[in-house]
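First up is the structure itself, then whatever we jot down about it.
Taken together, the values in this text are just the output of simple stated rules run on the coordinates, not laboratory data. Note that the structure is predicted; figures quoted are calculated from it, not measured. Virtual Cβ from ideal backbone geometry, glycine too; neighbours counted across all protein chains shown.
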């Protein structure tokens, strides 16, 4: 079990790892060794997550989540497979941890009297400026 928060832990069997070749630095090994890691976590069918966490995870994941609800994390920052693997797991845990925290609820507020007055004064000043830009009408005699 991989602990994410005090109430969420993910079973290792829920995560699929695939090692692929990574571009970038690596010298002679770059074309021979599969150092990049692709983690796949089926968030939609995971028993570890509740519905609210799933919904927030979908928002946070963005393009990293497929239409089927599978979260895909690619890690190819480092030259070694083990460091990329650790990086991918850390990013997965961080993403799920952020999704597990409930968002702050908005407290509706009203504008102050002073701010409403400033807004009205700004609108009046802008109207005066626009009126001054208009051509003066010719008087017909």
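Descriptive notes on the structure:
- Residue separation of residue 132 and residue 13 scaled by 0.36 nm, minus their Cα-Cα distance, works out to 35.6 nm of gained length.
- Among 72, 18, 37, a tally of other beta-carbon atoms within 10 Å of each Cβ gives an order, fewest to most, of 18, 72, 37.
- From least to most packed, judged by other beta carbons within 10 angstrom and beginning with the fewest, 41, 19 follow the order 19, 41.
- Stretched out straight at 0.36 nm per residue, the stretch from residue 60 to residue 123 would grow longer than its current Cα-Cα span by 18.8 nm.
- Taking label points 7 Å from Cα along the Cα-to-Cβ direction, residue 34 and residue 20 give a separation of 1.1 nm.
- The calculated FRET efficiency for the pair residue 2 and residue 51, based on their C-beta separation and a Förster distance of 25 Å, comes to about 0.75.
- Cα centroid separation, the range 33-72 to the range 101-141: 46 Å.
- Answer label, with semi-axes √(5λ) of the Cα gyration tensor in Å calculated from the coordinates and candidates [x] 55, 25, 13; [y] 26, 17, 15; [z] 40, 14, 13: [x]
- Angle between the chain longest axis and helix 51-61 axis [Cα atoms, degrees, rounded to 10]: 80
- Whole-Å semi-axes of the range 56-132's equivalent ellipsoid (Cα gyration tensor): 50, 18, 13
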